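Below is the structure I would like to discuss, written out as structure tokens.
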Amino acid sequence: MIKTKPIVIANWKMKLGLSESVALAKAVRRIGSKDIELVICPSFISLTEAAKVLKGSQIKLGAQDCFWEAEGAFTGEVSAGYLKEVGGEFVILGHSERRQYLGETDGMVHRKVKMALMANLIPILCVGETFDQRQQGATDYVLIQQVTKALEGAPVGLEQRLIIAYEPVWVIGSGQAINPEQAATAHQVIRQTLFDLFPASLVKSNFAVIYGGSVDGANVASFTGLDNTAGVLVGGASLKIDKFTAIIKNI
């Protein structure tokens, strides 16, 4: 079931080595808040050590991706089961950087979502339009297509959670977030699409929509204060403990 307190997910991307990740995980643990659900998503090589740091705390561990098969001859891939084994509870799927640089398609994302759910991980499905798509007035179409193709037929059980992160591609890493009203409109489109795919009771209790894209301490409250917005996915601002602390305090 979806928790009522806001969720803050930190995506550390390929920015920190093992020792840096451990140090930052320790710092995040010291500032952890009982009023916020905190999730950190370090690189694969840092997951086991980060899990040790977080053990006994309320901070959750997530990964940045998983493969769509449980096991097999898939060199370089990491299965959802492995992530669960090391203490992972969440997994980011379909991030725009993977779509852009690694050719990840909606079909691939769909298979990954299904596998994550089968492994009892909580998927964090990333969707969002490019600048050209927004200029062409295609934002709603892109969101509907990405959500539908990723989730249609996905086996979401009554006790499973699924998070949709709206991240407009053109603002990620830019330092300039979009207007909160634009985010609110996008979130409404996403929720309506979910209602078209799943029973209303399931959408209301098991799904959450969050915002991502140049979130910082100054603008976080303008997004978490929106209707249909359950939290934020934070990139660059989660890499510095002072900036991340400001987000947690201001949410």
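The values are calculated or read from the model by the stated rules, or taken from the named source; none is laboratory data. All of these numbers come straight from a predicted model, not from anything done at the bench. With ideal geometry, Cβ positions are generated from the backbone for all residues, glycine too; neighbour counts draw on all protein chains shown.
Evaluate segment 195-206: report whether one residue or more is under 20 Å from Phe90 (Cα atoms) and surrounded by 18 or more Cβ atoms within 10 Å (Cβ to Cβ).
We begin by selecting, within segment 195-206, every residue under 20 Å from Phe90 (Cα atoms); these are 202-206.
From what is left, the residues that are surrounded by 18 or more Cβ atoms within 10 Å (Cβ to Cβ) are 203, 206.
Yes - at least one qualifying residue is present in segment 195-206.
Limited to segment 227-248, what total is found for residues that are touching a residue at least 24 places away in the same chain (Cβ under 8 Å) and under 18 Å from the mean Cα position of the chain (by Cα)? Working first, answer last.
First pass over segment 227-248, keeping only residues touching a residue at least 24 places away in the same chain (Cβ under 8 Å): 227-236, 238-239, 241, 243-248.
Right, trim to under 18 Å from the mean Cα position of the chain (by Cα) and you get 228-236, 238-239, 244, 247-248.
Residues flagged as touching a residue at least 24 places away in the same chain (Cβ under 8 Å) and under 18 Å from the mean Cα position of the chain (by Cα) within segment 227-248 amount to 14.
Right, something else. Spot the failing condition for Arg134; the list is (1) at pLDDT below 95; (2) closer than 27 Å to Glu37 by Cβ; (3) surrounded by 14 or more Cβ atoms within 10 Å (Cβ to Cβ), and only one is missed.
Failed condition: (2).
Can you spot a residue in segment 54-66 that is in contact (Cβ under 8 Å) with a residue 24 or more places away in the chain, loosely packed, with under 13 Cβ neighbours inside 10 Å and under 25 Å from Thr229 (Cα atoms)?
Going residue by residue through segment 54-66, those that are in contact (Cβ under 8 Å) with a residue 24 or more places away in the chain are 54-55, 57-66.
Subset that is loosely packed, with under 13 Cβ neighbours inside 10 Å: 55, 58.
Applying the additional criterion that residues be under 25 Å from Thr229 (Cα atoms) yields 58.
Scanning segment 54-66 turns up at least one residue that is in contact (Cβ under 8 Å) with a residue 24 or more places away in the chain, loosely packed, with under 13 Cβ neighbours inside 10 Å and under 25 Å from Thr229 (Cα atoms).
Check every one of the helices (runs of 4 or more DSSP H) wholly within segment 162-251 and list those with 2 or more residues that are at pLDDT 95 or above and closer than 26 Å to Val22 by Cβ. Walk me through how you get there before you give the answer.
Working: elements: 180-197, 200-206, 220-224, 241-250.
Correct list: 241-250.
Being in contact with a His (Cβ under 6 Å, 6 or more places away or on another chain), closer than 23 Å to Glu37 by Cβ and either modelled with pLDDT of 95 or more or assigned to a loop (DSSP other than H, G, I, E, B) (or both): is that true of Val156 here?
Details: in contact with a His (Cβ under 6 Å, 6 or more places away or on another chain): no; closer than 23 Å to Glu37 by Cβ: yes; either modelled with pLDDT of 95 or more or assigned to a loop (DSSP other than H, G, I, E, B) (or both): yes.
When the stated conditions are applied, Val156 does not pass them.
Identify all residues within segment 216-228 that are under 18 Å from Lys249 (Cβ atoms) and surrounded by fewer than 21 Cβ atoms within 10 Å (Cβ to Cβ); write none if there are none. Break it down into steps so the answer makes sense when it comes.
Filtering segment 216-228 down to residues under 18 Å from Lys249 (Cβ atoms) leaves 216-225.
The answer is Asp216, Gly217, Ala218, Asn219, Ala221, Ser222, Gly225.
Can you spot a residue in segment 76-98 that is under 24 Å from Ala221 (Cα atoms), at pLDDT 95 or above and out of contact with any Cys (no Cβ under 9 Å at 6 or more places or on another chain)?
Scanning segment 76-98 turns up no residue that is under 24 Å from Ala221 (Cα atoms), at pLDDT 95 or above and out of contact with any Cys (no Cβ under 9 Å at 6 or more places or on another chain).
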